[in-house]
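In what follows, a single structure is set out as structure tokens and then discussed.
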Amino acid sequence: MTFPLRSIRRYPVKAMGGEALTEVELDARGLVGDRGFAVADDDGKFASGKNTRRFRRRDGVFEYAASTTADGSVQVQRGDHGLWLIGDEELDADLSKRMGASVRALPEADIPMQDGGQISIVGTASLAWCAERFGIDADSRRLRVNFVVETDEPFIEETWLGHEITVGDARLRVVERVERCRTIDVAQDGTAAEGRLLIPLTKEREMSLAVYADVVVPATIRVGDRVEPVADRVEPVGALSD
């Protein structure tokens, strides 16, 4: 069974709003340019919607959106209040003011900026199930996923765990479910986040919605490409790439 790739979304700066794409190149890290930058403080922690060893909760970061220019540069916008390129001192000054701390937009270095696997994937049937079951706005942008796949069975993407799938000419290995955090209930990336999603997900689905996949064979993929599980290649469930 095959499923069409319905949408592609990339997030050039971690936790900021992203950009819709019609095609994207995959490399060994994931989508080229995805989470390539993050807003970091003087302790080296990245602005996010949660507090962890790597991340610090700074909800002000959700007021910004990042996109890629024709020449490959990354630009950042905060509503109608400013438009800057990554590296501009004015951007770092605005970020610091909004977050009440000294922060800068920095490229990925030794510490990875991705939460888990390289690419996140959710099926349309899973989103529709959540909307009906929980009576909430199940816009995929609340999940900050990279790929939305047209499906007709809720959570069928979870049956791909431990398996490889093809997406157009690319091959991915689905490695784990995505455990959600409070970020899905924060207004961001053009969504109002109407209705609480984390609490019912915690009660009914172990906080999980969508799956992570790592790149096995890179390629350029496009909206409309076919997504297909590869039944003859099975990996241990939960296995992660090096």
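The values are calculated or read from the model by the stated rules, or taken from the named source; none is laboratory data. From a predicted model like this one, the values you see are computed outputs, not experimental measurements. Note that each Cβ is placed from the backbone with ideal geometry, even for glycine, and that neighbours are counted across all protein chains shown.
Table for the structure above
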quantity: Pick from region 15-68, criterion among the β-branched types (Val, Ile, Thr) and in contact (Cβ under 8 Å) with a residue 12 or more places away in the chain, ranking: farthest from SER102 (Cα to Cα); calculated: THR22
quantity: Enumerated strands (runs of 3 or more DSSP E) restricted to region 1-113, each holding at least 3 residues that are closer than 25 Å to ASP185 by Cβ and within 18 Å of the chain's Cα centre (by Cα); calculated: 3-10, 37-41, 46-48, 55-57, 65-68
quantity: Residue check for VAL32: closer than 22 Å to TRP160 by Cβ and surrounded by 13 or more Cβ atoms within 10 Å (Cβ to Cβ); calculated: no
quantity: Enumeration of residues in region 73-99 that are within 12 Å of VAL61 (Cα to Cα) and in contact (Cβ under 8 Å) with a residue 24 or more places away in the chain; calculated: VAL76, LEU95, ARG98, MET99
quantity: Residues of region 177-195 satisfying the condition of being outside any loop (DSSP other than H, G, I, E, B) and either farther than 24 Å from GLY79 by Cβ or touching a Leu at 6+ places or on another chain (Cβ under 9 Å) (or both); calculated: ARG177, VAL178, GLU179, ARG182, THR183, ILE184, ASP185
quantity: Scan of region 147-165 for residues that are in contact with a Ser or Thr (Cβ under 9 Å, 6 or more places away or on another chain) and of a type in the set (Val, Ile, Thr), ordered by number; calculated: VAL148, VAL149, THR151, ILE156
quantity: Residues of region 130-173 classified as part of a helix (DSSP H, G or I) and either free of Cβ contacts under 8 Å to residues at least 12 places away in the same chain or within 26 Å of ALA219 (Cβ to Cβ) (or both), total; calculated: 9
quantity: Some residue of region 174-195 being touching a residue at least 40 places away in the same chain (Cβ under 8 Å), over 30 Å from ASP43 (Cβ atoms) and β-branched (Val, Ile, Thr); calculated: yes
quantity: Some residue of region 195-204 being modelled with pLDDT of 95 or more and closer than 20 Å to ARG35 by Cα; calculated: no
